[in-house]
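Data first, discussion second: the structure below is written as structure tokens.
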Amino acid sequence: MKVRVEDLSDVRKRLAIEVPAEEVQSAWDLALRRARREVNLPGFRPGKAPLELVRAQVAKTLGAKVAEALVERYAGEAIRQQGFEPVGGGIFLDLERDQEEPPPAAEGQSYAFGVLVDLPPEVELGEYTGLKVARPKVEVDTEQVQKELNALRENFATYEAIDGRPAASGDEVVLQIEGQEKDGSLRIERRSNHLRLGEEGNLPEFDEHLTGLEVGSTFSFEVSYPQQERYGDLAGRTMVFSGEVEAIRQRVVPEMDDQWAAGFSDIENLAQLRERMREAIEARKNAEADAVARERLVDRLLDRTPFDVPPSLVESELEYRLNAIGRDLAMRGIDPKTAGVDWEEIVDSERKAAERSVRRDFLLDAIAAREKLEVEAVDVDRAIEQIARENQTQPDDVRQRLSRGDGLKSLKQQILRSKCLDWLYTRAHIV
């Protein structure tokens with residue numbers, strides 16, 4: 001095997017690999033013997049057909065399979081021979097056509113292909129302690145506390161049945177309702193259903209036709225469902241709903257007084273609840289300010305520490321971010337293809353963010369290694385318990401899930417980088 005290395009950058013190398021003809025023929029012979037066991041030719045039992053007949057049957061497709069086997073074997077061997085420790089997956093090339101697809105292997109001839117290999121950067125660290133970083137000022141005013149209290153009170157609202165007036169926005173209507181597609185192809189059996197009028201996410205036809213009805217009123221109206229995933233089987237259909245209003249319930253918000261406040265644990269009156277709320281807001285804002293200051297510190301360090309990053313890792317991070325944006329749009333019932341957003345601008349912005357994220361990881365890894373920071377078992381336990389609380393599951397279930405694949409390794413990397421950033425933050429000059 002011949003290997004020629006071309007330096008494309010500090011972090012990307014192109015290997016031109018040539019496999020000798022005899023090795024290629026050996027791979028072909030093996031592939032033909034395997035094909036003979038699998039190919040069914042009239043007049044021959046499986047595995048007994050002459051190789052020449054098998055070759056004529058599978059020659060067109062076997063070249064690609066042989067190439068795949070050669071690339072799998074010799075790419076790894078060439079990378080190890082050069083002493084490279086690549087990051088990300090290699091990109092295999094047809095060097096002659098300059099394409100990202102290795103060529104098929106011809107029988108009896110030497111085989112040449114290429115592979116792009118990305119390597120971790122050499123991060124040359126300068127001074128990274130004692131840097132001046134601005135932290136956002138934290139202030140909590142009366143208006144913020146009142147807004148949070150109002151939101152808390154809204155969470156304790158109840159619905160009480162009323163009679164004698166029509167349904168209005170904000171009311172909850174209890175319906176006996178059935179539906180049928182306009183062309184009769186889909187039917188929804190009569191059932192009891194609750195709907196809060198004027199609530200975000202309601203289709204406008206429901207609010208329009210149910211507002212103003214009284215208990216005992218009947219209704220019938222059409223609803224055209226958008227072609228969106230969140231509507232399931234109803235997406236894109238026009239349904240006719242009919243039924244009767246069984247009850248109307250008015251939303252009742254509790255009075256904001258000492259009696260209401262005393263219903264919370266360790267709270268005696270409204271003034272004490274207001275102070276607890278102020279402390280909670282202040283703690284949250286302090287955490288947010290620390291997070292902003294930490295990332296400003298990272299930005300300062302990145303500005304002082306230039307280095308290239310592996311393109312394949314940037315592309316992987318970019319793909320992850322774009323998929324997350326797509327999932328978020330889909331969850332909100334928005335088709336990413338027709339969302340009316342400038343995807344070119346989004347891709348450009350997310351690519352810059354992806355590159356910063358990859359550089360950030362390598363920088364923190366380099367500092368953690370120099371300072372000999374380590375992840376202790378207790379650090380992993382705390383992180384797993386936190387994940388379990390956030391997902392309302394058991395720590396053992398989280399640990400078992402992480403044990404599959406590289407989950408636990410990835411978690412330890414995240415913990416180490418977080419510890420490193422904490423270490424840097426305590427040694428920065430915060431203003």
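Tabulated values for the structure
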{"quantity": "Gained length - residue 289 relative to residue 9, 0.36 nm times residue gap less alpha-carbon distance", "calculated": "97.0 nm"}
{"quantity": "Most fluctuating residue given options 143, 214, 68, as computed from a GNM of the chain linking Cα atoms under 10 Å", "calculated": "143"}
{"quantity": "Full-extension gain in nm, residue 335 to residue 211, via 0.36 nm per residue minus C-alpha separation", "calculated": "41.7 nm"}
{"quantity": "Within the range 264-359, GluC sites (Glu not before Pro) in DSSP loop having at most 16 other beta-carbon neighbours inside 10 Å", "calculated": "268"}
{"quantity": "Per-pair calculated FRET efficiency, R0 = 25 Å: residue 391 and residue 251 via Cβ, rounded to 0.05", "calculated": "0.20"}
{"quantity": "For the range 294-431: rounded, prolate or oblate by the Cα gyration tensor [a/c cutoff 1.5]", "calculated": "oblate"}
{"quantity": "Cβ-based exposure ranking for 117, 71, 292, in which fewest neighbours within 10 Å come first", "calculated": "292, 71, 117"}
{"quantity": "Cross-link pairs 285/372; 337/409; 2/65 - those with Cα-Cα distance over 28 Å", "calculated": "285/372; 337/409"}
{"quantity": "Pairwise FRET efficiency - residue 280 versus residue 142, Cβ, R0 = 22 Å, nearest 0.05", "calculated": "0.90"}
{"quantity": "Of all DSSP beta bridges in the range 171-239, antiparallel share, percent nearest 5", "calculated": "100"}
{"quantity": "The chain - percent relative contact order, Cα under 8 Å, separation 6 or more", "calculated": "16"}
{"quantity": "Segment residue 423-residue 346, length gained on full extension (0.36 nm per residue, minus Cα span)", "calculated": "24.4 nm"}
{"quantity": "Structure-derived Rg/Rh (Cα atoms, Kirkwood Rh) - corresponding label in [x] 0.97; [y] 1.11; [z] 1.21", "calculated": "[y]"}
{"quantity": "Over the range 120-265, volume per residue of the alpha carbon convex hull, in Å³", "calculated": "273"}
{"quantity": "Virtual spin-label span in nm between residue 53 and residue 158, 7 Å along Cα→Cβ", "calculated": "8.6"}
{"quantity": "Shape of the range 98-166, Cα gyration tensor, a/c cut at 1.5", "calculated": "oblate"}
{"quantity": "Check: the chain dipole with +1 on Lys, Arg Cβ and -1 on Asp, Glu Cβ, in debye", "calculated": "1780"}
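Where a number appears in this text, it was derived from the coordinates with a stated rule and is not lab data. Small disclaimer: the values here were computed from a predicted structure and weren't measured. Cβ: placed from backbone, ideal geometry, glycine included. Neighbour counts: every protein chain shown.
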